[in-house]
Each structure stands twice: as C-alpha cells, then as structure tokens.
Amino acid sequence: MKGTISVKRDGKWVTFSGEYEATTPVTVILSELNSRDPLLDVKGREVEPIEWECSCGQKVCGACAMVINGTPRLACSTFFGEAGPDIRLEPLSKFPLIADLKVDRTQMYDSLSEMKLWLDEGVDAKVRNIDLQYASASCMLCGCCLEICPNYTGRGKFFGAAGMNACFRIADQLDGAAKRARLKEFARHGDSGCSKSLSCGQVCPQNIPLAVLISRMNRDRIISRFIRD
Amino acid sequence: MKTILVIGNGLAGMTAAIRAAELGCSVILAAPTEPNRSQSVMASGGINAALNTKGEDDSPAQHAEDTLRAGCGLADPQAVQEMTEATPQIIEVLSRRGVVFDRDQTVAVNPLYLDGTEKGADVLKAGNIALRNFGGQKKKRTAYAKSGIGMQLVTAIMTELRRYQAEGRVTSLYRRKFVSPVFAAGRCAGAVFENTVTGSLETVQADAVIAASGGMGGLFDRHTGSDLSDGSVTAALFAKGAAAANLEMIQYHPTTISTPAKNMLVSEAARGEGGRLFTMRDGKRWYFMEEWYPEGGNLMPRDVVSRAIHKVCKDGFGLDGKYQVGLELETLPKETVSEKLKEISELAKTYLGIDASHEFIPVSPAIHYFMGGLYVDRFHRTTLPGVYAAGECACQYHGANRLGANSTLGAIYGGRVAAETAAREAEGVSAGEFAKAAEAEEAAIRDRLSLHRAVTREINAVRRLKQLMSSSLGIIRDEAELQAGLLELAGISPRDVYAPKNHTADAILFEDKLLLARAILSSALARKESRGGHARADYPQTDEAFCKVTVAEWNGSDVQVRFDEIGRVFA
Ligand SMILES: Cc1cc2nc3c(=O)[nH]c(=O)nc-3n(C[C@H](O)[C@H](O)[C@H](O)COP(=O)(O)OP(=O)(O)OC[C@H]3O[C@@H](n4cnc5c(N)ncnc54)[C@H](O)[C@@H]3O)c2cc1C
Ligand code: SF4
Ligand code: SF4
Ligand code: FES
C-alpha cells in the first residue's frame with residue numbers, strides 16, 4: 001500500500017513517500033527511511049536521517065513514544081494499516097526536544113526524585129493491593145499520559161499521571177510517617193493539579209488503571225488523617 | 001574516595017552502581033538511555049532461587065548442580081556455587097526493596113482491615129514468594145512476577161538508584177555512548193563517550209571501570225532482545241586487547257514469532273500449559289516432538305526443541321514451505337488461552353493478527369541469549385587491568401548453555417561481585433596523567449574517523465553484518481558456512497562506513513564490531529565438537545578434549561583462539 005510519512009523537523013514537516021504492508025509498524029517504517037541512502041523527501045531534496053528512539057520493539061520499554069496523527073502512542077505498536085496511508089509523526093511536546101522525534105524525558109525521572117519516591121529502608125511485602133502495585137510498577141515512563149494531559153506543562157509542580165502512578169506503589173509499600181509523607185507529595189504534585197478528565201488512562205499503553213490508583217491514594221490520605229502511630 | 005565508572009544501566013549496571021556506592025565509592029553510571037529502556041526490562045519468565053518453600057527439599061547446592069549440568073561442563077563450579085549460595089539472600093533483599101513478586105497465599109490476620117483502619121491493613125501478611133517450574137530444573141525454583149519479572153526488577157532497582165542519586169552518591173549520565181577505554185600507567189583510568197545529543201566526545205576519569213553492557217543480539221538479524229544491546233562495548237574492549245570467551249555459545253529460543261520488526265519470544269509457558277508443536281505431513285498435523293521424544297515431548301530443553309524444529313524445516317517440512325512450525329493452543333480451554341497465556345495471545349493478536357484461541361501460532365527459533373562475552377574470572381575481572389564486566393556482556397556462570405531464569409540472577413549477583421572487586425582494587429592516576437592519556441585517545445578516535453569515507457551508511461552496514469552473522473551461526477553450523485562467513489566478513493571494508501551527525505562514533509564502533517564478529521566466527525570454527533549452545537553438523541559429538549574455555553584475543557593484527565582450563569583467576 002502506498003502512503004506518505006511526514007516527520008516534524010524543527011517545526012516544519014518533512015514528507016517521504018513509501019510503500020508498506022498494513023502490518024508494518026511505524027518503527028520499521030522509520031528504519032526503512034533511515035536506510036535510504038540518500039534519503040530524499042517527496043520533493044526530491046536530500047535530507048538528514050531521522051532521529052528517533054527505540055529499544056525493545058514490542059511495547060515494553062517506552063522508548064518509542066511519539067505523537068502519531070495527533071495522538072501520543074508507541075511507534076512499535078502502531079501499524080501502517082491503521083495509521084496510514086498518510087502518517088504524521090511529531091515528538092512529544094512536553095519534553096525538551098533533542099532532534100526530530102527524540103526528546104529528553106529526564107524531567108519525568110527528576111519529578112519522581114523530587115517526590116522522594118523511594119523506600120528509606122527495607123519493607124515487608126504487603127499484599128493489600130498487590131495487583132495494583134504490579135500494574136503501577138509496569139509504568140514504562142513513556143510520557144504518553146503527560147502529553148495528553150491538559151494540565152501538565154513540564155514546568156510547574158504538577159507531575160501528571162506518571163508521577164501519581166509512581167507515588168502509588170511507594171506509598172502503598174510504606175507505613176506510618178513515611179507513607180503519609182508520600183501521600184502528601186501525591187497531594188502536592190498530583191491530586192491538587194489534576195482535573196480528573198482521565199484522558200491519561202485512555203492513552204496509557206500499559207492500561208494502568210490510573211483512576212483507581214488516584215482514588216486509592218485519596219482514600220488512604222483521608223484514612224491517614226485519623227491514624228496516630 | 002574512589003570513583004567507579006559503570007557502563008550500561010540494565011540490571012547488572014544498576015546493581016553494580018548501587019553496590020559500589022554502598023561501599024563508599026563515588027559512582028558514575030553512563031548509558032545511551034534511561035535504565036528502563038535497557039533489554040533487562042524485557043525479561044519475562046522469572047529469576048531462579050533455591051528458596052525451598054515448596055517442601056521439595058531444594059537447596060543452593062542443587063541449584064548449582066542444575067546450572068552446571070546445563071552449562072555442559074564449561075561453567076566455573078566455584079563461581080556458580082558462590083552465586084547459588086548467595087541467591088536466597090539476594091531475593092530476600094530484592095523483596096524488601098519492593099520488587100512485586102507473585103506470592104503464594106495471603107493470610108488476613110486482622111479482619112479489622114475491613115472497617116478501613118490502616119493498622120488493621122498492615123497486619124495482613126504476604127505469603128511466601130511464589131515459585132514455578134522452569135525448563136531444566138526439577139524443583140520449583142523460579143520466582144516470578146506474572147509474566148514481567150524484568151519490568152518489576154528494573155522498576156524497583158531504579159527506585160533504589162533514585163535515592164543514591166538524590167544523595168549524590170551515584171551520578172547518572174544519559175545519552176552517552178561508550179567509544180573507547182582510556183589507559184594510563186598500564187591501567188584503565190576512564191573512558192571516552194560520544195554525547196549523542198551534541199555529537200562531541202567526552203571523557204570520564206575513574207579509578208575502575210565496570211562494563212555492564214548486555215548481550216550481542218544487535219549483531220544478529222533475528223533476535224528476541226533489544227538492538228541497544230549490540231555488543232559495541234564488548235567489541236571496543238576486545239579491540240583494545242580484552243580477551244573474550246565462549247563467544248560461539250549462543251542460545252536459540254525455540255518458539256518466537258517472526259514479525260516485520262523482529263522476533264518476539266513466546267515463553268515456555270505456552271507449552272507448559274499444554275501447547276503442542278506440529279507441522280504438516282501427508283495433509284495431517286504431525287506432532288514431531290511427541291513422536292521423537294515420547295517422555296519430554298514439547299517440553300524438552302530449549303536446545304533440543306530448537307534443533308528439532310530446525311531439522312523439520314531443513315527436511316522440507318516447514319509450514320507453508322517457510323522456516324516455521326505451528327504452536328497449537330487453539331485446542332486448549334478458552335480461559336487458559338485468554339487468562340493464563342494472556343500476554344502470548346495479545347502478542348499474537350497485536351503483531352500477527354492471529355486469534356490464538358481459534359488458530360495456531362506460527363513459531364520458529366531465534367537467538368535469545370549469549371553465554372559468552374568478555375572473559376572474566378569469578379571476581380569479574382577482565383583481562384584488562386582496571387576493567388571489570390558483569391551481566392550478559394560477561395562470560396560467567398552459564399558455561400555452554402544457560403538455564404532459563406538464571407541470567408537476571410547472574411546480572412544482579414555478578415553486578416554486586418564486580419562492584420566489590422572494583423571497589424577493592426580501584427587505583428587511579430592523577431588528573432594530569434589522565435588528561436594526557438584521554439587527549440591522546442580522543443585524538444586517536446578522530447584519526448580513525450578521518451579515515452572513513454561516506455560510502456555506506458552504518459545502518460546498512462550493520463544490516464549486512466547481521467545477515468551474515470545469522471546465516472553463518474545458525475542452530476547447527478559447519479566448517480563451510482563458518483568459512484564462508486569469515487570470507488564475506490573480510491569483504492566488508494570498515495572504512496567505507498559512515499554514521500549520521502551526532503552519532504559519528506558509530507562508524508568506528510562498527511570497525512570494532514567487525515573484529516568481534518570475526519572472533520565469534522573463529523571461536524565457532526575452533527570448537528570442533530558439539531556442546532550446549534554450539535552444534536556442529538561436521539562434529540556432532542561432544543569431545544572431552546574441548547571441555548575448556550574458548551578464548552579469543554586480538555593481538556593487533558590477528559584474532560587468535562586458544563582453549564583455557566576452566567576457572568582461571570586473573571591476578
Ligand atoms: C525477551 C527476553 C526475555 C527474557 N526473559 C528472561 C527471564 O525470564 N529470566 C532471566 O533470567 N533472563 C531473561 N532474559 C535475559 C535477561 O533479561 C538478560 O540477560 C539480562 O537482563 C541482561 O542484563 P544486563 O544488565 O547484563 O544487560 P542489558 O539489560 O541488556 O543492559 C545493557 C546496557 O548497556 C547499555 N549499552 C549498550 N551499548 C552501550 C554503549 N556503547 N555505551 C554505553 N552503554 C551501552 C544499554 O543501553 C543498556 O543500558 C530475557 C531476555 C529477553 C530478550
Ligand atoms: S486525569 Fe486529566 S488532569 Fe489528571 S493526570 Fe490524567 S489527563 Fe492529567
Ligand atoms: S502511566 Fe502509562 S502513559 Fe504514563 S508514563 Fe506510565 S506507561 Fe506511559
Ligand atoms: S520500542 Fe520499546 S516500547 Fe516501543
């Protein structure tokens with residue numbers, strides 16, 4: 001099937017044409033374009049290879065997240081058949097741009113540090129929400145949820161669904177004062193800035209039940225007000 | 001304070017960084033991406049530990065025995081025993097650091113939880129870490145986390161790393177690609193990286209360097225892992241004289257699906273739940289594994305199943321004339337396919353458009369794990385002074401074949417040991433001495449780059465190399481194929497390769513990869529026998545004379561291969 005691939009480069013579209021099977025994922029299309037030597041756009045001008053990121057190729061590592069036809073998605077599980085024949089690829093816009101489709105997502109990792117999301121010492125395993133802990137720990141830190149979020153800007157104190165999700169597991173594994181401290185971080189950097197539109201849950205490639213995690217933490221916060229150690 | 005530089009931030013690299021920091025070192029952890037993009041995150045089945053909670057009378061000694069048996073005589077018994085003895089403790093530590101393992105059962109001690117009090121909730125007790133059966137082991141010994149152990153391990157260890165970073169004890173550098181070690185006063189004193197954002201070369205000084213750069217899948221056409229694990233660090237160190245060992249020992253996983261992008265693992269669980277392998281003969285389904293191995297059937301060890309599929313296909317019985325057989329799940333109960341084998345059904349649906357509850361899944365063997373790599377002793381020293389290696393990039397613990405679920409363990413345990421040895425032996429040079437050596441190394445890199453002509457783009461050169469490697473190093477090799485591979489390799493002119501801006505160093509890493517490729521082919525050629533992950537059509541027997549480590553070395557003009565006694569310790 002014939003089609004075009006447009007890639008946002010320095011704010012402008014660069015368009016390529018190609019022929020792909022319906023089952024070809026965007027990752028394979030990008031590799032194919034980069035193997036063209038010289039790489040010519042539809043107007044026949046030679047352009048530099050496309051910068052983008054990929055690792056696992058199968059929806060596990062989050063590296064290949066980008067905006068595909070206006071929606072944040074993983075390139076390795078978006079196929080020509082559904083996204084084509086004319087595909088538009090843009091970098092995630094809430095992170096500093098490195099080049100083309102490649103962004104620097106360090107700020108997402110830094111926000112987890114700012115919320116002190118770690119265990120201060122060893123913990124006993126808790127089984128209360130073990131399935132939810134598992135789901136929360138499956139976050140790929142891809143950034144799709146932040147891209148779609150109307151309130152996340154990447155600059156303020158609101159860390160979006162990725163931040164709230166990471167908060168859940170740590171708060172859930174901790175007790176007492178340490179737990180309350182993380183729930184406070186959740187309130188400060190998550191809940192207070194979130195308007196519960198839940199677009200995040202719709203784009204999360206891991207289907208993490210973000211709404212459930214948020215409501216659990218809110219419940220725990222209320223409970224914790226009545227608890228004294 | 002000693003400074004340790006760790007290259008690669010998968011399970012081995014993160015663990016080494018944390019351990020070195022615990023021991024009071026200042027740590028720099030450098031890699032091209034964030035930790036959770038590394039191949040470690042893909043591990044699915046589990047991690048082995050003789051926890052002996054199943055009333056099966058298991059023990060670290062039996063875990064060692066199984067590991068050594070799978071290794072077909074090539075694993076270092078002392079290293080393996082030390083690892084399996086440390087393992088129950090390691091799993092306990094991982095659990096306390098928040099890894100969400102599956103649990104046996106849970107005991108509600110205090111029903112007060114039901115009225116919502118936190119104290120009540122906290123006395124709910126977790127049961128033992130659940131253990132499952134896994135290939136090659138008679139006892140239930142594999143701790144797991146649904147079907148995503150890698151993700152759970154990486155997330156929890158990354159969480160711990162975050163604390164060390166916040167305390168300033170570990171500095172993480174991302175978007176740094178290792179290009180070359182820097183030697184001063186006869187020891188490795190740091191490294192040169194390419195900054196893949198700016199394209200500039202940057203040097204990092206250290207008192208010891210730990211390579212934790214993963215396997216070599218990226219040198220092969222069809223593999224189950226990440227292309228980030230491309231053997232580039234192994235290659236660059238090999239080119240600087242580090243010896244590599246057992247490079248020919250490559251594990252093929254028998255059941256992978258072949259998609260336009262890559263081959264993806266279909267775990268043993270599919271056959272564990274009753275899935276059957278077949279192909280068509282005389283218009284009927286032929287369950288060749290069940291016919292050939294009435295006892296073990298579809299659950300024979302990985303290498304046996306891979307070779308059987310290979311034989312069926314080579315004999316012209318591949319399904320639809322292709323290199324593939326069928327995995328029959330559609331006859332299993334529907335809930336088994338949709339619940340217990342959920343990930344597999346989803347993979348087949350997403351990437352092949354196949355509904356596994358109604359149709360069979362076409363599968364074929366593909367490269368999955370590298371038992372060989374940088375030659376290390378049981379303290380994880382390489383043959384280069386000041387350089388240590390751990391994880392899949394190192395040749396340790398697995399001998400000629402790896403037991404499923406032993407490699408995440410080998411990466412975590414090995415990372416610890418490497419950090420302990422490095423911290424003990426670290427010995428730096430002055431900043432001035434380093435600066436001089438680093439400048440010379442950078443100049444050498446620029447000189448090498450200046451010799452390259454823009455003829456073939458690196459992505460295409462790598463593609464050709466991958467095809468060559470995969471066709472020469474199939475499940476069953478022979479002299480003619482290996483020689484043909486070497487000949488074709490010699491025909492690739494390394495200096496005709498160039499890489500896009502900000503990645504120019506890839507062109508010289510490609511030169512090093514060619515050397516490593518030559519070493520892999522030469523090692524396979526030299527081992528004139530069949531053992532573990534190395535099967536020769538022309539030497540089908542195992543030969544006791546080869547119960548040794550294959551050692552490949554680059555002496556500046558030639559790749560040389562020799563055989564060493566097992567268990568050497570480097571001074
Ligand atoms: C699909 C799949 C399933 C698996 N399932 C299991 C399982 O169930 N149980 C089990 O025990 N094992 C399993 N394995 C194997 C196991 O996951 C790996 O062997 C192990 O995680 C390797 O860890 P590592 O830290 O050594 O390397 P990796 O996780 O591969 O990390 C290598 C690191 O080195 C970096 N790097 C590479 N090149 C450079 C360079 N030039 N400069 C700087 N950094 C560099 C990479 O970016 C990465 O950070 C599986 C593997 C695959 C592919
Ligand atoms: S619910 Fe809406 S506002 Fe809240 S994190 Fe999700 S997308 Fe953002
Ligand atoms: S919560 Fe989902 S969308 Fe957000 S970073 Fe994690 S995996 Fe990606
Ligand atoms: S490449 Fe890993 S999620 Fe797409």
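The values are calculated or read from the model by the stated rules, or taken from the named source; none is laboratory data. All values derive from a computational prediction rather than experimental measurement. Virtual Cβ from ideal backbone geometry, glycine too; neighbours counted across all protein chains shown. Protein only, heavy atoms only, side chains kept; ligands, DNA and RNA dropped before computing areas. Shrake-Rupley method; radii C 1.70, N 1.55, O 1.52, S 1.80 Å.
Residues that are open to solvent by 10 Å² or more (accessible area, probe 1.4 Å) and either part of a loop (DSSP other than H, G, I, E, B) or within 16 Å of ligand 2 (Cβ to nearest atom) (or both) within the range A:112-128 comprise A:116, A:118, A:119, A:120, A:121, A:122, A:123, A:124, A:125, A:126, A:127, A:128, listed in sequence order. Against the criterion of being assigned to a strand (DSSP E or B) and either assigned by TED's automatic domain parsing to the domain that holds residue A:199 or out of contact with any Cys (no Cβ under 7 Å at 6 or more places or on another chain) (or both), residue A:31 does not qualify.
Among the residues of the range A:98-111, the one identified as open to solvent by 30 Å² or more (accessible area, probe 1.4 Å), more than 7 Å from chain B (Cβ to nearest Cβ) and polar (S, T, N, Q) is A:107.
Regarding the range A:7-19, can at least one residue be identified that is away from ligand 3 (no atom under 16 Å from the Cβ), part of a loop (DSSP other than H, G, I, E, B), surrounded by fewer than 23 Cβ atoms within 10 Å (Cβ to Cβ) and within 11 Å of chain B (Cβ to nearest Cβ)? Checking the range A:7-19: not a single residue is away from ligand 3 (no atom under 16 Å from the Cβ), part of a loop (DSSP other than H, G, I, E, B), surrounded by fewer than 23 Cβ atoms within 10 Å (Cβ to Cβ) and within 11 Å of chain B (Cβ to nearest Cβ).
Evaluating residue A:81 against the criteria (1) within 14 Å of chain B (Cβ to nearest Cβ); (2) crowded, with 17+ Cβ neighbours inside 10 Å leaves one unmet condition, (2). Output the residues belonging to the range B:16-40 that are outside any loop (DSSP other than H, G, I, E, B), within 20 Å of residue B:97 (Cβ to Cβ) and open to solvent by 10 Å² or more (accessible area, probe 1.4 Å). Residues satisfying the conditions are B:19, B:22, B:40.
For (1) outside any helix (DSSP H, G or I); (2) more than 9 Å from ligand 3 (Cβ to nearest atom); (3) under 11 Å from the mean Cα position of the chain (by Cα), each residue gets a yes or a no:
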{"residue": "A:142", "(1), (2), (3)": "yes, no, yes"}
{"residue": "A:146", "(1), (2), (3)": "no, no, yes"}
{"residue": "A:151", "(1), (2), (3)": "yes, yes, no"}
{"residue": "A:155", "(1), (2), (3)": "yes, yes, no"}
{"residue": "A:167", "(1), (2), (3)": "no, yes, no"}
{"residue": "A:172", "(1), (2), (3)": "no, yes, no"}
{"residue": "A:181", "(1), (2), (3)": "no, yes, no"}
{"residue": "A:186", "(1), (2), (3)": "no, yes, no"}
{"residue": "A:197", "(1), (2), (3)": "yes, yes, no"}
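Residue-level analysis places residue B:465 among those that are open to solvent by less than 80 Å² (accessible area, probe 1.4 Å) and within 14 Å of chain A (Cβ to nearest Cβ). Here the strands (runs of 3 or more DSSP E) wholly within the range B:261-351 that include at least 2 residues being open to solvent by less than 10 Å² (accessible area, probe 1.4 Å), within 14 Å of chain A (Cβ to nearest Cβ) and within 26 Å of residue A:56 (Cβ to Cβ) are B:263-265.
Of all the listed residues (B:563, B:546, B:570), the sole one being of a type in the set (Phe, Trp, Tyr), under 30 Å from residue B:385 (Cα atoms) and open to solvent by 60 Å² or more (accessible area, probe 1.4 Å) is B:563. Of the residues making up the range A:156-173, not a single one is within 19 Å of residue A:109 (Cα to Cα), of a type in the set (Asp, Glu) and more than 9 Å from ligand 2 (Cβ to nearest atom). Across the range B:144-191, the number of residues qualifying as closer than 26 Å to residue B:23 by Cβ and part of a strand (DSSP E or B) comes to 15. Quick check: is even one residue across the range A:126-134 under 17 Å from the mean Cα position of the chain (by Cα), under 30 Å from residue A:26 (Cβ atoms) and either within 16 Å of ligand 1 (Cβ to nearest atom) or at pLDDT 95 or above (or both)? No - not one qualifying residue is present in the range A:126-134.
Name the single residue, out of those in the range A:16-44 being within 19 Å of residue A:102 (Cβ to Cβ) and polar (S, T, N, Q), that is farthest from the chain's Cα centre (by Cα). Among residues in the range A:16-44 that are within 19 Å of residue A:102 (Cβ to Cβ) and polar (S, T, N, Q), the one farthest from the chain's Cα centre (by Cα) is A:35.
Total residues in the range B:135-165 satisfying the condition of being hydroxyl-bearing (Ser, Thr, Tyr) and surrounded by fewer than 21 Cβ atoms within 10 Å (Cβ to Cβ): the figure is 1. Beta carbons closer than 9 Å, at least 6 apart along the sequence or on distinct chains, pair a first residue in the range A:179-205 that is aromatic (Phe, Trp, Tyr) with a second that is away from ligand 3 (no atom under 12 Å from the Cβ) and assigned to a loop (DSSP other than H, G, I, E, B) for A:186/A:115.
Only one entry of B:171, B:224, B:203, B:198 meets the criterion of being among the hydroxyl-bearing types (Ser, Thr, Tyr), away from chain A (no Cβ under 14 Å) and touching a residue at least 24 places away in the same chain (Cβ under 8 Å), and that entry is B:203.
Summed over the range B:210-234, residues that are of a type in the set (A, V, I, L, M), more than 17 Å from residue B:381 (Cα to Cα) and either more than 7 Å from ligand 1 (Cβ to nearest atom) or open to solvent by less than 10 Å² (accessible area, probe 1.4 Å) (or both) total 2. Answer with yes or no whether residue A:94 is within 30 Å of residue B:167 (Cβ to Cβ), in contact (Cβ under 8 Å) with a residue 40 or more places away in the chain and away from ligand 4 (no atom under 16 Å from the Cβ). Yes: the conditions hold for residue A:94. Cβ-Cβ contacts under 6 Å between residues 6 or more apart (or on different chains), taken from a first residue in the range B:134-160 that is more than 14 Å from chain A (Cβ to nearest Cβ) to a second residue that is small (Gly, Ala, Ser) and open to solvent by 20 Å² or more (accessible area, probe 1.4 Å), are listed as B:136/B:70.
Residues of the range B:174-189 that are in contact with a strand residue (DSSP E or B) (Cβ under 7 Å, 6 or more places away or on another chain) and more than 14 Å from chain A (Cβ to nearest Cβ): B:178, B:179, B:180, B:181, B:182, B:183, B:188, B:189. Within the range B:447-463, the set of residues being within 27 Å of the chain's Cα centre (by Cα) and under 18 Å from residue B:515 (Cβ atoms) comprises B:458, B:461, B:462. Residue A:162 - would you say it is within 16 Å of ligand 4 (Cβ to nearest atom), open to solvent by less than 10 Å² (accessible area, probe 1.4 Å), among the aliphatic types (A, V, I, L, M) and assigned to a loop (DSSP other than H, G, I, E, B)? Against the criterion (within 16 Å of ligand 4 (Cβ to nearest atom), open to solvent by less than 10 Å² (accessible area, probe 1.4 Å), among the aliphatic types (A, V, I, L, M) and assigned to a loop (DSSP other than H, G, I, E, B)), residue A:162 does not qualify. Could you please tell me which pairs satisfy a Cβ distance under 6 Å, a separation of 6+ or placement on different chains, a first residue in the range A:48-75 that is away from ligand 1 (no atom under 16 Å from the Cβ), and a second residue that is of a type in the set (Ser, Thr, Tyr) and at pLDDT 95 or above? Note: pairs meeting the criteria are A:68/A:78; A:75/A:27. Residues in the range B:73-83 that are open to solvent by 50 Å² or more (accessible area, probe 1.4 Å) and touching a residue at least 24 places away in the same chain (Cβ under 8 Å): B:77, B:78, B:82. Of the residues making up the range A:36-61, those that are at the interface with chain B (Cβ under 7 Å from one of its Cβ atoms) and not charged (D, E, K, R) are A:49, A:55, A:56, A:57, A:58, A:60, A:61. Pairs are defined by a Cβ separation below 6 Å, a sequence spacing of at least 6 or placement on different chains, a first member in the range B:43-62 that is of a type in the set (Val, Ile, Thr), and a second member that is more than 16 Å from ligand 2 (Cβ to nearest atom) and outside any helix (DSSP H, G or I); the pairs so defined are B:47/B:143; B:47/B:405; B:53/B:128.
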